[in-house]
Amino acid sequence: MASTLSEWVNQQITILTCDGRLITGTLAGYDQLQNLILKHSLEKVYSMEAPVERVPLGLFVVRGDNVAVISDCFDKGDDGDEGEKDGDVRAEPIKAIHQNVT
Amino acid sequence: IFFSFFKTLVGKEVAVELKNDVVLTGTLHSVDQYLNIKLTNVKVVNENKYPQLTALKNCFIRGSVVRYVQINPNDVDTELLEDATRKENSAVAAG
């Protein structure tokens, strides 16, 4: 049962936000509402025209309402240094999710 | 009622379609009372459309972003599920 994020604490994870953004970072903390604290976060912006744009964000607090998916990063190279392997990836941006307001 | 239903599916292969049209397939690892889903061995269905997500292995999907969960019909006893939901609905209607 325990569907918690404890196994990913202090690990590199990738977050998909409700507005379709991909943010990678180290999970520093979380709570039951999926509010997250990410260290050394990096936003990856994909588009059809340009190669992947990386935007360093440093320490980030993300409100749980805005989190869609949290996953670990399957790094093919384990040197901690994010290689430019996906530098040539071009893709359409991911759609935003329209959340119902309660 | 659906929480118990998902608990019976732990270990099965499912496909989860999110509200932003992304479809992920994987093995159901765990579920919680909010119907948040943890999938292991995740594969993105349209990899050519979403190359951003190929590095995924395990993921935690927030319950509120799920549109559908597609299950293999052999893994589900639909009659039992129908009966259970019918009972729950008549209890709600009577009360």
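The values are calculated or read from the model by the stated rules, or taken from the named source; none is laboratory data. Remember, it's a predicted structure, so these values are computed and weren't measured experimentally. Virtual Cβ from ideal backbone geometry, glycine too; neighbours counted across all protein chains shown. Surface areas here come from the heavy atoms of the whole protein model, side chains and all, with no ligands, DNA or RNA. Shrake-Rupley method; radii C 1.70, N 1.55, O 1.52, S 1.80 Å.
Let me make sure I get this right: for chain B, a, b and c are the square roots of the gyration tensor eigenvalues over alpha carbons, sorted descending. Under 1.5 in a/c it's rounded, otherwise prolate if a/b > b/c, else oblate. Which is it?
prolate
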For residues of A:14-20, the mean tally of beta carbons on other chains within 10 Å
4
Helix B:78-94: angle to the longest alpha-carbon principal axis of chain B, degrees 0 to 90, nearest 10?
50
Kindly flag which residue pairs out of B:Lys19/B:Lys57; A:Lys39/B:Lys57; A:Lys39/B:Lys7; A:Lys44/B:Lys7; A:Lys39/A:Lys95 have an alpha-carbon separation exceeding 28 Å in this structure.
A:Lys39/B:Lys7; A:Lys44/B:Lys7
Using a 1.4 Å probe on protein heavy atoms only, how many Å² of accessible area do A and B hide from each other, summed over both chains and rounded to 100?
2600
Over the range B:1-51, what is the relative contact order in whole percent, taking alpha-carbon pairs under 8 Å and six or more residues apart?
30
Per-residue mean of C-beta atoms belonging to partner chains within 10 Å, peptide B:60-72:
4
Quick one: which residues, 5+ away or cross-chain, put their amide H under 5 Å from the amide H of A:Leu57? H built at 1.01 Å from N.
A:Ser41, A:Leu42, A:Glu43
